[in-house]
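Let me begin by presenting the structure, written as C-alpha cells, before commenting on it.
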Amino acid sequence: MFNLVQKRRWYFRISAVVILLGLVAIIYSVITLDTHTPFPLSVDFRSGTRFVLHFQAPITESEIREVFGEFGVTNPSVTRLGQAQDNVWQIRTEFLATSKAQAAQDALAEVAAIDTAQTEIDSVSPSVGAEVTRAAMLAVVVAAVAILLFIVFAFRQVPNSGRYGACAVAAMLHDILVAMGFMSLAGLLFGWEADALFLTAMLTVIGFSVQDTIVVFDRIRENIPRRKNEDFETVVNRSLLETLHRSLATQLNAIFVMVALLFFGGASIRQFIAVMLVGMVSGTYSSIFNAVPLLVAWHKGEIPFLKS
C-alpha cells in the first residue's frame, strides 16, 4: 500500500512557502496602502463613493481630477478600466451625498458625454463600512468555532477528538491565508479591491475545505475499530487512500466549473471566480496533504509544542 502520509514534512514545507509568499504581499500592502489593509478595499468595506463611468469620447485623468476638485474632492483615486479606447474610468472619492455625486457626474458629462445606461455609482457611509468590516471578521471567527465544536462532538467517541477539530480548523486557516495572499498579490498587480463578493468567496472556500476534510476524518473514525491490529499512521493512510478518489472527483468537478466561468464568464464576476478557484485548489490540497498528515504528526509527537 502506497504511503501517502509518509511525505508529510514535504507537504508542510510546500504550504509554508506558499503562505509565506502571500504574507509578504500582505505585509507590503499593509505598509504601502493608504488604508493599511492586506488588500485594497472597495466601498463595501470602507466609507466612500465609487463611480464607474463609460465615456463616449476620450477624456484625460487630469480633466477628471479637475472636475472633482470643483466639488471639494482634492485627491480622488482615478483608474482607467479596460483598454484606452474603451474610455471607461473608475473614480473613488470620500463619501459624497447622492446629490453631490450626481452633480459631479453631470459636470463630467459636460466635458465628455457619458453612457448613463452603464453608469455605476456606489456609496457607503462610514458607519456602514465599519459595520460590514466587523461582520466579515465575526463571520470567519464564528465559522472556525462552529467547525471546531461540531467535529469535537461528532468524533466524541474517537480518542483525542479535539485533535480532529483542531486539524480541520488549521486546514481552513491555511486556505484563508492562501486566498488572502492571492487577493493581496492581485491587488498589487491588477488593482483588485475586496468587496462583498470576496467575503462570499472566502466563506464558500471554508465550506468546501471543511467538507472534504470531514469525509477523510469520518473514514478514519470508521477504520479505527476495524483495524485494531494496525498502527494509527497506517489506518490514517488507508482511510486517505480509500476516500482520495471521492475527494478529487468532488473538488475537480467544482474546479472545472470555476475554470470555465473564469474564461467565459463576465468581467464583473471574474475576480470572485478567481478567488474561489484559488481557494478550492488550496482546499483540495490542504484537506489531503495538511489536515490528515497533521493529525498523524500530532499523534506521533512530531509537533514540538503539541507533544502527546
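Cβ-Cβ contacts under 9 Å between residues 6 or more apart (or on different chains), taken from a first residue in segment 255-269 that is under 20 Å from GLU193 (Cα atoms) and touching a residue at least 24 places away in the same chain (Cβ under 8 Å) to a second residue that is of a type in the set (Lys, Arg) and surrounded by fewer than 10 Cβ atoms within 10 Å (Cβ to Cβ), are absent. Looking at segment 69-183, the strands (runs of 3 or more DSSP E) lying wholly inside it that each contain 3 or more residues that are surrounded by 16 or more Cβ atoms within 10 Å (Cβ to Cβ) sit at 88-93, 120-124.
Consider segment 8-23 and keep the residues that are farther than 13 Å from HIS174 by Cβ and in contact (Cβ under 8 Å) with a residue 40 or more places away in the chain. The one that is surrounded by the fewest Cβ atoms within 10 Å (Cβ to Cβ) is LEU21.
Cβ-Cβ contacts under 9 Å between residues 6 or more apart (or on different chains), taken from a first residue in segment 216-242 that is without any contact (Cβ under 8 Å) to a residue 60 or more places away in the chain to a second residue that is of a type in the set (Asp, Glu), are listed as ARG219/GLU242; ASN223/GLU230; ASN223/GLU242; SER239/ASP218; SER239/GLU222.
Looking across segment 27-55, the residues that are surrounded by fewer than 20 Cβ atoms within 10 Å (Cβ to Cβ) and assigned to a helix (DSSP H, G or I) come down to ILE27, TYR28, VAL30, ILE31, THR32.
Residue under question is GLY207, and the condition is that it be out of contact with any strand residue (DSSP E or B) (no Cβ under 7 Å at 6 or more places or on another chain), surrounded by fewer than 19 Cβ atoms within 10 Å (Cβ to Cβ) and assigned to a helix (DSSP H, G or I); does it hold?
Criteria met by GLY207.
Note on segment 1-32: among residues that are in contact with a His (Cβ under 9 Å, 6 or more places away or on another chain) and of a type in the set (S, T, N, Q), the one that is farthest from ILE176 (Cα to Cα) is SER29. Residues in segment 56-68 that are outside any loop (DSSP other than H, G, I, E, B) and not basic (Lys, Arg) were compared, and the one that is surrounded by the fewest Cβ atoms within 10 Å (Cβ to Cβ) is SER62.
Laboratory data are not the source of any read-out in this text; all were calculated from the coordinates shown. Keep in mind that what you see is a predicted model, and the values were worked out from it rather than measured. Every residue, glycine among them, receives a Cβ derived from its backbone with ideal geometry; neighbour counts consider all protein chains shown.
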